[in-house]
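The values are calculated or read from the model by the stated rules, or taken from the named source; none is laboratory data. Just so we're clear, the structure is a prediction, and the values are computed from it rather than from any experiment. Glycine gets a Cβ as well: all are built from the backbone with ideal geometry, and neighbour counts include every protein chain shown. Calculation scope for accessible area: heavy atoms of the full protein, side chains included, ligands and nucleic acids excluded. Shrake-Rupley method; radii C 1.70, N 1.55, O 1.52, S 1.80 Å.
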Amino acid sequence: RCLSDWSSDVCSSDLRMTTPGWLQDRIFYQIFPERFANGEVSNNPQIVANWQTDLPTRENFFGGDLAGIRQHITHLQRLGVNAIYTTPIFEAGSNHKYDTHDYLKIDPAFGTLESFRQLVASLKEADIRLLLDAVFNHCGDGFAPFQDVIKNGENSPYYDWFIDRKSTRLNSSHLGIS
């Protein structure tokens, strides 16, 4: 059976995938780092909500971070967890971090590259795998290439990375679609 779209035919035999061996017996726990645990107050955002009294909103921050995850590894092990899936941890403007500004930097509110390395080392020692969510199909308005397009329009080298809703153009060459 084949699926047909505007660019190619994809047959079900092409859709088969092999699950990595390490994944077979993993029990995942998804962590939204900003709301999991505040392990290092020195990297808190300027205004931090109270964990006991404030309700979470799209705008507030509670100070959860990578150190907070690291400090709770034993608790996760007691739950039987042996794999963690985090929501994005890269530099962004929101509490959820799906509006990435820089894919190469840990968000400062979550810690540093060193605190990330410490987390990875501790998880490895505990035989807990880590899977990071990274949203490469969209970015935040603070993403440098997007800001370059805002500033330079069609003269930006990144112009074809984005869809200009004012234009009828849809340049998807980076996706292999013509």
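Summarise the accessible area of the stretch 40-111 (1.4 Å probe, protein heavy atoms) by the percent that is carbon and sulfur.
Carbon plus sulfur share of accessible area: 54 percent.
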Leaving ligands, DNA and RNA out of it, work out the accessible area of Lys105 with a 1.4 Å probe and give it in Å² to the nearest 10. 100 Å²
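Between rounded, prolate and oblate, where does the stretch 14-94 land on the alpha carbon gyration tensor, with a ≥ b ≥ c its root eigenvalues, rounded for a/c under 1.5, else prolate if a/b exceeds b/c?
Judged from the Cα gyration tensor, the stretch 14-94 comes out prolate (a/c at least 1.5, a/b above b/c).
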Among Val48, Phe116, His101, which residue has its Cα positioned farthest towards the positive end of the charge dipole of the stretch 6-126, with +1 placed on the Cβ of Lys and Arg, -1 on the Cβ of Asp and Glu, and the dipole taken about the Cα centre? Phe116
Taking the full set of protein chains and a 1.4 angstrom probe, give the accessible area of Arg70 in square angstrom, rounded to the nearest 10. 100 Å²
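Hand me the chymotrypsin sites (Phe, Trp or Tyr not before Pro) from the stretch 36-88 located in a DSSP loop with no more than 16 other Cβ atoms within 10 Å, in residue order please.
Those that pass, being in a loop and sparsely packed, are Trp51.
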Mind checking the per residue accessible area of the stretch 52-114 for me, 1.4 Å probe, whole number of Å²? 51 Å²
For Tyr98, tell me the accessible area in Å² from a 1.4 Å probe, rounded to the nearest 10. 70 Å²
Neighbourhood net charge (15 Å Cβ-Cβ; Lys/Arg +1, Asp/Glu -1) for Leu113: -3
